[in-house]
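Below: one structure, written as structure tokens.
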Amino acid sequence: MTLMEIYDMLFNEYGEQHWWPGASPFEIMVGAILTQNTGWRNVEKAILNIKDYLTPRKLYSLPENRLRELIRPSGFFNVKTKRLRSFLKFLIDTYDGEIKIMKRQSLETLRENMLKVKGIGEETCDSILLYALNKPIFVVDAYTRRIFSRHKVFSIDATYKEIQGVFMSNLERDVSLYNEYHALIVRLGKERCKRKNLLCEGCPIKNFVFS
Ligand code: SF4
């Protein structure tokens with residue numbers, strides 16, 4: 001079975017996932033940083049607290065202590081405050097705080113620039129590229145690794161780059177497809193392909209053998 005066939009099976013089972021929840025590209029960027037190691041419900045609470053400051057300059061002008069308090073519901077708020085402020089500084093210094101300027105850059109340059117920002121790893125970077133900036137890059141997360149290594153598409157200790165390469169060389173470069181595929185993988189991982197107690201019986205991709 002191909003990765004595209006797996007996508008179709010997941011889509012038939014779960015339908016459209018409407019990702020990424022977020023009103024604006026900037027809100028999606030903030031959400032991508034705040035969601036590290038926490039559930040989305042906690043992120044929503046933090047975003048609600050900063051809703052009056054959702055531009056790079058307004059958020060950056062908040063005193064660090066105040067920002068820390070506002071994003072407290074997202075957990076790990078000390079480290080996330082620092083990460084968020086580093087990212088905001090980067091947006092302001094490099095793109096004058098303008099997402100539309102950022103969007104004009106190529107995927108490769110954006111990725112290279114963002115990965116230099118402290119606290120922005122590959123998954124966060126690619127989530128921002130795909131979901132906030134509509135750039136065609138496949139996001140790899142722990143669910144992707146778990147599900148597809150269990151089906152022997154790659155080994156459990158494959159690198160992020162290797163995993164991403166498998167998807168991107170087997171699928172068309174398509175923002176909507178990458179958007180939906182990642183969201184479907186997360187749904188499958190949460191509902192069935194758990195770390196323990198996996199629910200293979202009745203799983204839509206139970207018979208998946210990669211070819
Ligand atoms: S739950 Fe089982 S069948 Fe479904 S993706 Fe995970 S390992 Fe595969």
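For Cys193, the stated conditions hold: it is closer than 11 Å to Ile147 by Cα and either away from the ligand (no atom under 16 Å from the Cβ) or surrounded by 12 or more Cβ atoms within 10 Å (Cβ to Cβ) (or both).
For Ile163, state whether it is crowded, with 20+ Cβ neighbours inside 10 Å and either in the same structural domain as Ala32 (by TED's automatic domain parsing) or within 16 Å of the ligand (Cβ to nearest atom) (or both). Yes; evaluated as a whole, the condition is true for this residue. Of all the residues in segment 12-24, those that are of a type in the set (Phe, Trp, Tyr) and surrounded by fewer than 16 Cβ atoms within 10 Å (Cβ to Cβ) number 1.
The number of residues in segment 132-155 being within 12 Å of the ligand (Cβ to nearest atom), among the hydroxyl-bearing types (Ser, Thr, Tyr) and loosely packed, with under 15 Cβ neighbours inside 10 Å comes to 0. Filtered by the rule that a residue be closer than 21 Å to Met1 by Cα and either near the ligand (Cβ under 7 Å from one of its atoms) or in the same structural domain as Asn12 (by TED's automatic domain parsing) (or both), segment 196-210 gives Leu199, Cys200, Cys203, Ile205, Lys206, Phe208.
Condition check for Ala158 on (1) modelled with pLDDT of 95 or more; (2) within 11 Å of the ligand (Cβ to nearest atom); (3) not in a helix (DSSP H, G or I): one failure, at (2).
Residues considered: Leu171, Leu184, Leu188. Of these, the only one that is at pLDDT 95 or above and more than 16 Å from the ligand (Cβ to nearest atom) is Leu171. Of Leu177, Leu171, Leu184, Leu110, all but one fail to be buried (at least 19 other Cβ atoms within 10 Å of the Cβ) and in the same structural domain as Phe11 (by TED's automatic domain parsing); the exception is Leu184. Would you check if Phe167 is among the aromatic types (Phe, Trp, Tyr), outside any loop (DSSP other than H, G, I, E, B) and over 14 Å from Ser127 (Cα atoms)? So Phe167 passes the test.
The values are calculated or read from the model by the stated rules, or taken from the named source; none is laboratory data. Just so it is clear, the structure is predicted and the values come from calculations on it, not from any experiment. Methodologically, a virtual Cβ is constructed for each residue, glycine included, from the backbone with ideal geometry; neighbour enumeration extends over all protein chains shown.
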